[in-house]
Structures are given as structure tokens and as C-alpha cells.
Amino acid sequence: MNTHRLGKTILDYRKRNGMTIRAFSQASGVSTSLISQIERGQANPSLSVLELLAKALNVPLYTLFVSDLDFDTLISRKKDRKRVFRKDQNHIVTDILTPDFMKAHIQILSMDLNPHSKTTTSHYVHDQHEELALVLQGKVYVELEGEESLLEEGDVVRIPPNVRHRFLNRTDEGVQVLFVLVPAIV
């Protein structure tokens, strides 16, 4: 772990939050002297200290370690995308469109739903994400808590957290849907 880079990241987050070292110390329970040493790259904090600092900064812990941008990871090339298939590989194919998927706070997926198929026999429920779905091509039914609505090209559906949902293609044509998943605001 590069302590200088880590310290600079923590300092940047603290300043963005408009916190003095004293206020940051009070919010985190970490001494001002240790915070100062960490920010100057002169201390190697424990994981428990980093958890306290991340919580006080209101950021996920892993973001403290993401300071260098590799610009190649910010681009998702079609030829390099990861594809996710359903078990039978007959009904849907999902492309993960989000560059650097594991580090992003937003997830963008593209789904191809084959004719006369559905996304799942039961339902999806996202407790941590809100979802938007944009129909790019074709017509598809969205089922929300057992109620179906027909969506056509250009239509968008918002699916709040904890809403049971699935998509059904009852046509002879394939359907393409773009999904955007964002963390739920708690």
C-alpha cells in the first residue's frame, strides 16, 4: 500500500467535505495527530482506522484505495465486454457496459431478450439498487409486483428497490433493453 497516495486521497476527501482535522477527528474518533500523519504519508493505518475514516467521510472503504486513474479502465470496448448468459443460454444475453465495473457506483447493462422468452421464471428484486430500463429495440412487457405493462422502443421504466420485477418478450422479434442501476439512497 502506498501510504503517500492513501494519505493524499484521505486529505482530498476531507477537504471536499469542508472538514478541519479537528472536526474530522471528532467525527471519526481518530486522533488529530494520527490523521495528520496519515495525510502526510507518515503512518500506515490499520484497517479498523481506515474504516472509521471512511465512515466519517461518508465514502465506501475501497474508495480510499482508488486514487490513480488508469484511463484505459474508463473505456468499455465492445470486443472486450463481459457477457452474462442465463443458465440455458437460450433466452437472454446481458453485456456489462460499465467500464471498470467493480469500481463504478453506477452499472450499465445491455440485454438481448430472445423471442417468446422471459428474463426469469420467478422475479428479480434489488434491495441495494434502483434500476432504470430503456427499451432500445422491440416491444417488451415489464411485470412489476405481478402487474404487466407493455413497453415500446424509447419507453423507460423506473424500478425502485425491493420491487419484484421481470421482463417478458411475447413477440416473434428480439428485444434490446438498456439498464442503468444506481445505489439506493438510504
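The values are calculated or read from the model by the stated rules, or taken from the named source; none is laboratory data. Keep in mind that what you see is a predicted model, and the values were worked out from it rather than measured. So basically every Cβ, Gly included, is an ideal-geometry build from the backbone, and we count neighbours across all protein chains shown.
Just one residue in the set ASP155, ASP172 is surrounded by fewer than 17 Cβ atoms within 10 Å (Cβ to Cβ), under 13 Å from LEU113 (Cα atoms), more than 18 Å from the chain's Cα centre (by Cα) and acidic (Asp, Glu); that residue is ASP172. Screening ILE38 on (1) out of contact with any Asp or Glu (no Cβ under 8 Å at 6 or more places or on another chain); (2) over 11 Å from LEU53 (Cα atoms); (3) not in a loop (DSSP other than H, G, I, E, B) shows it passes everything except condition (2). I need a count of the residues in the range 165-186 that are over 17 Å from GLN107 (Cβ atoms) and modelled with pLDDT under 90. Final tally of qualifying residues: 1. Considering the range 102-149, the residues that are of a type in the set (Gly, Ala, Ser) and assigned to a strand (DSSP E or B) include one that is farthest from VAL59 (Cα to Cα), namely SER117. Answer yes or no as to whether THR119 is hydroxyl-bearing (Ser, Thr, Tyr), buried (at least 17 other Cβ atoms within 10 Å of the Cβ) and modelled with pLDDT under 65. It is false that THR119 is hydroxyl-bearing (Ser, Thr, Tyr), buried (at least 17 other Cβ atoms within 10 Å of the Cβ) and modelled with pLDDT under 65.
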